[in-house]
Every structure is written in structure tokens, then in C-alpha cells.
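The values are calculated or read from the model by the stated rules, or taken from the named source; none is laboratory data. What you see is a predicted model, and the numbers here were worked out from it, not measured in a lab. Here the Cβ positions follow ideal geometry from the backbone for every residue, glycine too, while neighbour counts run over all protein chains shown. Ligands, DNA and RNA are excluded from the accessible area calculation, which covers all protein heavy atoms including side chains. Shrake-Rupley method; radii C 1.70, N 1.55, O 1.52, S 1.80 Å.
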Amino acid sequence: MEDEPGSENEGDTMVASPLAKWRIEFSRSFQNHLDRSAPHLIRRWLVTLVAAVIYIYRVYYVYGFFVISYGLATYILNLLIGFLSPKVDPEIEALDPTSLPRDDSDEFKPFVRRLPEFKFWYAATKAFVVAFVMTFFSFLDVPVFWPILLCYWLFLYFLTMKRQIVHMFKYRYFPFDIRKKKRHGGNDKPSSSNALERDEKPAPM
């Protein structure tokens, strides 16, 4: 009688082992596809655009899930702000006068994003997919007067972008490295930044 619990545990281990193996293989394969897609910026964002169009059509067809759409739009806006913001807040760097170039003759300091482009793309695409799946659960369709949500989100968008633009002008940074390309003769390859972003991604489990 004492051997039965042990035999059950061994059986559970044998059953769970193929599932864990499949999970590891799937995680490695998925990570490999992500790494291979990193240099193809335009193709990746076209996929995101297709996902966004499908979601918008789904919401228009069922005429519902406006709360989910509001949450999705707010999340995308938060990602956009992270994409446009520097990794280190200039307000903190301004405390040290030697940390920033004082004029255009000083050495150019490249813009490092708080949210890299690849992570921005991945999070946005995943958000559209998750929101699309959520539209198939009727209990998530909370009745609401959608023009109010739209007006509130537009107000939030303009207020947030105004604050971001004022911050950019105040600390004199631009979220796109145009100056860097000009100074180096336009020989920088976009894949180099993507390779750096891939290094920041967590290793597959």
C-alpha cells in the first residue's frame, strides 16, 4: 500500500515529461523565429498592421467590446511613450553638467530608447492578438457609451503627447538618430540596433 503513492508520482512525471519537453521545444522554436524576424522591420510592422485591421473589423462587426478597445489603445499609447522616451531621464542627467553635450561641437550622444523598437513591436502585436481573442467572450462586452471613451482617450493622447514634445524640446533630444546617420555617412545598418535589442530579450526557458 505504501508503494502506491510513489508509483502515482512516477506516472505523473512520465506524463508531464513529454509536455515539458514540448513546451521547451516550442519556446526555443518561437524564440528562434523572433530572432530571425528582428532585421525585417517593415515586414514585422506589416504583420502588426494586419492584426490591427482584423481587430478593428471584428469590433466594428460585433459593435461591442469598447472597453477592451479603450484599454488596448491606452496600452499602445503607453508603449509609444516608452518608445519615444530616453532610457535615462534627462532630468536626472541634468544634475551632472558633464554628462550631456553642452553644444553642437561636443561629441554626439546617440539616443537610447527606454523601450527598444523590437520590444515595442512585440508587445503591440501581442496586445492586438490578446484583445482579438477577448472579443469572443461575451461577458467581457461591458455596455458603455463609446463616444465618451473616445473623447477621453483623445484628450489623454493629446495631453500625453504635448507633455512628451515639451520634454523633448526642453532637453533637446530627438527619438530618431538622424544626426548619427549623417555624421557616419549613412553607413549604419539597422540590424545592429536590432541585434542589441535581441540581446536584451530573456533567454528561452
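Checking Val130 against (1) closer than 21 Å to Tyr63 by Cβ; (2) modelled with pLDDT under 90: exactly one of these is not met. Which one?
Evaluating Val130 over (1) closer than 21 Å to Tyr63 by Cβ; (2) modelled with pLDDT under 90 leaves (2) as the failure.
Results for (1) at pLDDT 95 or above; (2) not β-branched (Val, Ile, Thr), shown as yes or no for each residue.
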residue: Tyr122; (1), (2): yes, yes
residue: Thr125; (1), (2): yes, no
residue: Phe145; (1), (2): no, yes
residue: Leu154; (1), (2): yes, yes
residue: Arg183; (1), (2): no, yes
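Within the set of pairs 6 or more residues apart or between chains, which connect a residue that is within 17 Å of Lys126 (Cβ to Cβ) and of a type in the set (S, T, N, Q) inside segment 34-46 to a residue that is open to solvent by less than 80 Å² (accessible area, probe 1.4 Å) and assigned to a helix (DSSP H, G or I) with Cβ atoms less than 6 Å apart?
Ser37/Arg44
Table: residues versus (1) open to solvent by less than 80 Å² (accessible area, probe 1.4 Å); (2) closer than 20 Å to Phe118 by Cα; (3) under 16 Å from the mean Cα position of the chain (by Cα).
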position	(1), (2), (3)
Arg23	no, no, no
Phe26	no, no, no
Gln31	yes, yes, yes
Asp35	yes, yes, yes
Val53	no, no, no
Tyr60	no, no, no
Phe66	yes, no, no
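Which ones in segment 105-151 are touching a residue at least 12 places away in the same chain (Cβ under 8 Å) and among the hydroxyl-bearing types (Ser, Thr, Tyr)?
Tyr122, Thr125, Thr135
From Ile178, Ile165, which residue is at pLDDT below 85, aliphatic (A, V, I, L, M) and either open to solvent by less than 80 Å² (accessible area, probe 1.4 Å) or closer than 17 Å to Arg113 by Cβ (or both)?
The unique qualifying residue is Ile178.
Give the residue that is farthest from Thr48 (Cα to Cα), with candidates limited to residues of segment 131-171 that are more than 25 Å from the chain's Cα centre (by Cα) and assigned to a helix (DSSP H, G or I).
Across segment 131-171, the extreme among qualifying residues is Lys170.
Looking only at segment 96-120, which residues are modelled with pLDDT of 65 or more and not basic (Lys, Arg)?
The answer is Pro110, Phe111, Val112, Leu115, Pro116, Glu117, Phe118, Phe120.
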